[in-house]
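Engineer: Below: one structure in structure tokens.
The values are calculated or read from the model by the stated rules, or taken from the named source; none is laboratory data. Nothing here was measured: the structure is a model prediction, and the numbers come from that model. Please note: Cβ atoms are built from the backbone with ideal geometry, for glycine as well, and neighbour counts cover all protein chains shown.
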Amino acid sequence: MGITKHEATKRIDKLRQQIRYHEKKYYVDNDPQISDYEFDNLVKELEKLESQFPELITPDSPTQRVGEQPVESFPSVEHSIPMLSLDNCYSQEEFIEFVQRIDKLLPGEKLEFVAELKIDGLGIAIIYRNGHFNQAITRGDGFRGDDVSANVKTIRSLPLAISLKEEVEVRGEIYLPFASFEKINQEREKKGESLFANPRNAAAGTIRLLDPREVAQRQLDVYLYYIFVNGQQQPSQWENLQLLKKLGFKINPHVRLCRSVEEVLTYYDYWKQHRDDLDFDVDGIVIKINSTDQQQRLGFTAKFPRWAIAYKFPARQATTRLIDIKIQVGRTGALTPVAILQPVQLSGITITRSTLHNEEELRRKDIRLGDYVLIERSGDVIPKVVAVMKERRTGQEKPFVFPPRCPICQTPVFKPKGEVISRCINPSCPARLREAILHFASRRAMNIEGLGEALVDQLMAKKLIKGIPDLFHLQQEQLEKLERMGPKSAQNLLNQIDAAKKRNFHRLLYALGIRYVGEKTAQILATHFRSLDKLAQASYKELVELPDIGPKVAESIIFFFRQKQNQELLQRLKEAGLKTEEEKETGEAPSQGRFAGMTFVLTGELNRFTRDEARKIIENLGGKVTSSVSRKTTVVIVGQNPGSKLQRAQELNIPIWTEEKFLHQAGLTA
Ligand code: IVH
């Protein structure tokens, strides 16, 4: 053995110091100094010595973060200083009123503000005695909370020992970074468990787990924003933050000392735009009067401090009622359930519907008609149903029965084993034909301008077309009789349809809408086979040997050409004079620039550039701007308070870009 207790004491002390230093470098400063391997070796050496001399183990040793036994309960504990919450405001006017109230109470005094991010997590108070972690208590009702010490100790960025021997209480927010949140949900999904709706709920669920070993897996983290030393704060909030930092606590790097209201407003605007860049969720900013003396003189109302306020960002989640579920039939026959919602405002737009993806998703989330649901617009803007508010159920909610037949043509639906999507397999289903025609005419396919939804609906209703080939037999007189169609627009449409005959074979191939054959695959097939006839005769083996074509795609192609009605379709398209052989493209402008061939629509108030500037940028990069959203639109760029165009874009599933995303895509930001 060799080592004496005295030597062990010294070595243990040294190892703990080193481990604490490296934990802080890694978890707080994000600046690791040694490799994981070297770090693990330090911990192993410490563990070995501690097992040799168990009497030397202290509760704040780095080896003691994760308790080996589950706890039985979380005893209720009183807060020595109540943990109040904050008053909220939602607009610039309200924030200015908050400052005016303070101005009235402190006439003529100069005010400084500390602006902080409002982290969407759980409030926590952590007590240190004699330099050691002692107890962690949840906010609870503000007066009493639960002792969750064993779980909070597992947070690796939190020091278990500090250099102040006085009674120290720090307060802050426990949160789950997005990455950890997603990992947890992925694992839950695999196990068939219900998913957490957001990182906050996941953090709340985690802090109440009885087994600290499980908590340690979940990677909670904590930002501190308050410190009391023997019940006293520093002379200012800024100094509170600096002291926390000095003692090794993790404070949010984006805190800011503001000397004017304008600076606060700039901070707010900045983070409202950039909240998606953070790796944790924030729901607003918190503004605090910096001076502790001023804070004390301002005091509290019955519920809130007068010296601080939360200025919230527009909500991205809202609850509303699910009134109905409609089934949409896509081009490939896929049946998609769509939630019809009681209209609700969500970050500036009215939401009335949202996709529910597929039947399995409905069942997994146990979504019923009449349920209150939590909906969310995340970075990508399209709303989705995140969860059902089961606690609001009255018993009147009805499970949705997925229709056994296509709601449009009544053909029994088919769901292959192992797949989640039910399909209408009737190739003549009017809903499928409608979508097939729209796809055929879409910009990247045959690009028949003017042939949009409204027109296709009319043409189908009047039985002027039943399928794609009928487009090529439309007559001027027939078109002129349609709503909103004069002789000139009828002629234009016929010209457009005629122009489609000159499109290259690879575009026709894409336009046919063969499952799994996107633009790129269509190009590969056209280049290799050169003609429709050759492709139609291709064997499975020939197909899978091509780059990017796997078994699924190959099977789908073979299936397509084997079907009689497709053979007829192709025959008729040939007779109509469409190009069924690949040759050099003529007559079309060469595409240049990263926005070549793309059509943009702008909506809402733009902050980063004017409409004219945006147009110039787009045109310089080869794109064009139009004023209304249609299936031909490639991207909709949204500013603040967007109108119906955004809604339309969502209905059509058109990608939506923020101003930032646009600048980024245009190559104008990093
Ligand atoms: S200060 C009396 N600062 O938001 C002052 N709170 O709605 C109380 N929160 O209960 C809190 N980030 O859990 C403060 N930077 C921050 C915060 C923050 C998140 C939470 C906290 C509080 C709630 C108030």
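Engineer: How many residues are within 16 Å of the ligand (Cβ to nearest atom) and either assigned to a loop (DSSP other than H, G, I, E, B) or within 13 Å of residue 264 (Cα to Cα) (or both) if we restrict to the range 95-111?
Structural biologist: Result for the range 95-111: 2.
Engineer: Residue 159 fails exactly one of the following numbered conditions: (1) more than 16 Å from the ligand (Cβ to nearest atom); (2) more than 22 Å from the chain's Cα centre (by Cα); (3) of a type outside the set (D, E, K, R); (4) outside any loop (DSSP other than H, G, I, E, B). What is the number of that condition?
Structural biologist: (4)
Engineer: Has the range 360-377 got any residue that is in contact with a His (Cβ under 8 Å, 6 or more places away or on another chain), of a type outside the set (Ser, Thr, Tyr) and crowded, with 17+ Cβ neighbours inside 10 Å?
Structural biologist: Scanning the range 360-377 turns up no residue that is in contact with a His (Cβ under 8 Å, 6 or more places away or on another chain), of a type outside the set (Ser, Thr, Tyr) and crowded, with 17+ Cβ neighbours inside 10 Å.
Engineer: Given the condition in a helix (DSSP H, G or I), at pLDDT 95 or above, under 14 Å from residue 119 (Cβ atoms) and within 20 Å of the chain's Cα centre (by Cα), answer yes or no: does some residue in the range 179-201 qualify?
Structural biologist: No, because not a single residue in the range 179-201 is in a helix (DSSP H, G or I), at pLDDT 95 or above, under 14 Å from residue 119 (Cβ atoms) and within 20 Å of the chain's Cα centre (by Cα).
Engineer: Go through the range 112-156 and give me each residue that's within 16 Å of the ligand (Cβ to nearest atom) and aromatic (Phe, Trp, Tyr).
Structural biologist: 113, 143 - these are the residues of the range 112-156 that are within 16 Å of the ligand (Cβ to nearest atom) and aromatic (Phe, Trp, Tyr).
Engineer: Still on this structure, please answer the following. Which of the residues spanning the range 505-520 are more than 12 Å from residue 441 (Cβ to Cβ) and among the basic types (Lys, Arg)?
Structural biologist: Within the range 505-520, 515, 520 meet the criteria.
Engineer: Considering only residues that are aliphatic (A, V, I, L, M) and near the ligand (Cβ under 10 Å from one of its atoms), look in the range 278-305 and name the one that is modelled with the lowest pLDDT.
Structural biologist: 282
Let's see how each residue does on (1) within 13 Å of the ligand (Cβ to nearest atom); (2) more than 30 Å from residue 404 (Cβ to Cβ); (3) buried (at least 19 other Cβ atoms within 10 Å of the Cβ); (4) touching a residue at least 40 places away in the same chain (Cβ under 8 Å):
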position	(1), (2), (3), (4)
245	no, yes, no, no
276	no, yes, no, yes
307	yes, yes, yes, yes
320	no, no, yes, yes
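Engineer: Related question: Can you work out which of the residues in the range 464-494 that are surrounded by fewer than 16 Cβ atoms within 10 Å (Cβ to Cβ) and under 43 Å from the mean Cα position of the chain (by Cα) is nearest to residue 573 (Cα to Cα)?
Structural biologist: The qualifying residue nearest to residue 573 (Cα to Cα) is 466.
Engineer: What number of residues within the range 497-547 are loosely packed, with under 15 Cβ neighbours inside 10 Å, in contact (Cβ under 8 Å) with a residue 12 or more places away in the chain and part of a helix (DSSP H, G or I)?
Structural biologist: Result for the range 497-547: 5.
Engineer: Hey, any hits in the range 644-652 for a residue that's surrounded by fewer than 18 Cβ atoms within 10 Å (Cβ to Cβ), over 17 Å from residue 354 (Cβ atoms) and modelled with pLDDT under 85?
Structural biologist: Checked the range 644-652: no residue is surrounded by fewer than 18 Cβ atoms within 10 Å (Cβ to Cβ), over 17 Å from residue 354 (Cβ atoms) and modelled with pLDDT under 85.
Engineer: Okay, next question. Quick one: in the range 61-94, of everything that is more than 16 Å from the ligand (Cβ to nearest atom) and among the hydroxyl-bearing types (Ser, Thr, Tyr), which residue is farthest from residue 303 (Cα to Cα)?
Structural biologist: 63
Engineer: Same structure, new question: Would you check which residues across the range 207-232 are of a type outside the set (A, V, I, L, M), within 16 Å of the ligand (Cβ to nearest atom) and crowded, with 17+ Cβ neighbours inside 10 Å and list them?
Structural biologist: 221, 223, 225, 226, 228
Engineer: Taking interchain pairs and intrachain pairs at least six residues apart, which have beta carbon atoms under 8 angstrom, with the first residue in the range 247-272 and on the phi < 0 side of the Ramachandran plot and in a loop (DSSP other than H, G, I, E, B) and the second small (Gly, Ala, Ser) and more than 14 Å from the ligand (Cβ to nearest atom)?
Structural biologist: Here the result reads 247/163; 250/157, each pair linking the range 247-272 to a residue that is small (Gly, Ala, Ser) and more than 14 Å from the ligand (Cβ to nearest atom).
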